[in-house]
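A short reminder: the numbers here are calculations on the coordinates, not readings from a lab. Because the structure is a prediction, the values reported are computed rather than measured. Cβ placement follows ideal geometry from the backbone for every residue including glycine, while neighbour counts extend to all protein chains displayed.
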Amino acid sequence: MMLYRTLAVMALAMWPLIPIFFIPLHLKTGFWRKVGLLTYPILLVPWFIAAYLIVAYQSLLLGNMFIFPVFLRIVGWVSLIAGLLLHTWTAKLLGLKGLIGYAEIRPAGEYKYKLITSGPFSVVRHPTYLAHTLLLLGVFLLTGYPGTGLLVILDFLVSYFVITKLEERELNQRFGEKYREYKREVPRFFPGFRL
């Protein structure tokens with residue numbers, strides 16, 4: 001049970017990094033380009049605070065565990081492993097600079113970043129965010145903590161309705177018609193399904 005609790009706390013503490021970093025980054029790309037590399041410490045400090053508070057008050061977030069049937073735990077393992085594999089694949093294609101939003105903070109034209117449309121990016125436009133949701137779903141089904149279940153829902157809502165839309169606005173500006181064509185051909189989040 002301690003392993004499950006540790007897994008749940010890690011997921012809860014790591015997740016805020018995504019919205020705390022990427023929402024401001026995509027909302028005001030021009031501003032962060034002026035700030036440059038100082039963007040990282042400026043946006044990471046709030047995440048460190050959030051992570052500390054989550055770890056400090058984990059008992060409030062975790063509560064009692066749901067005991068899921070074996071079948072759902074197996075689905076949890078499959079989801080967790082699929083999320084890890086998908087995230088690893090997208091990380092390999094994006095590279096470190098792509099994963100950490102480097103193109104968004106460098107002056108236009110200084111960093112040459114190409115539009116990636118191969119691999120999982122040929123199936124959905126945002127496989128990294130899909131990987132996060134799969135990982136978190138796996139954590140919930142394995143741990144059974146209500147806080148991780150709420151995190152799955154929150155992750156999907158924030159990723160799908162906020163972060164990906166802001167990111168697409170920036171990608172439209174950066175890649176123009178090439179991105180708009182890609183957007184018409186490939187669904188945002190779910191393979192073969194447009195929401």
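In table form, for the structure just shown:
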| quantity | calculated |
| --- | --- |
| Scope the stretch 15-41; condition over 18 Å from LEU130 (Cα atoms), hydrophobic (A, V, I, L, M, F, W, C) and touching a residue at least 60 places away in the same chain (Cβ under 8 Å); matching residues | LEU25, LEU27, TRP32, VAL35, LEU37 |
| Pair list, Cβ < 7 Å and 6+ apart or interchain, from the stretch 42-55 residues that are surrounded by 13 or more Cβ atoms within 10 Å (Cβ to Cβ) to residues that are outside any helix (DSSP H, G or I) and among the aliphatic types (A, V, I, L, M) | none |
| Number of positions in the stretch 73-88 that are out of contact with any Gly (no Cβ under 9 Å at 6 or more places or on another chain) and more than 9 Å from LEU135 (Cβ to Cβ) | 3 |
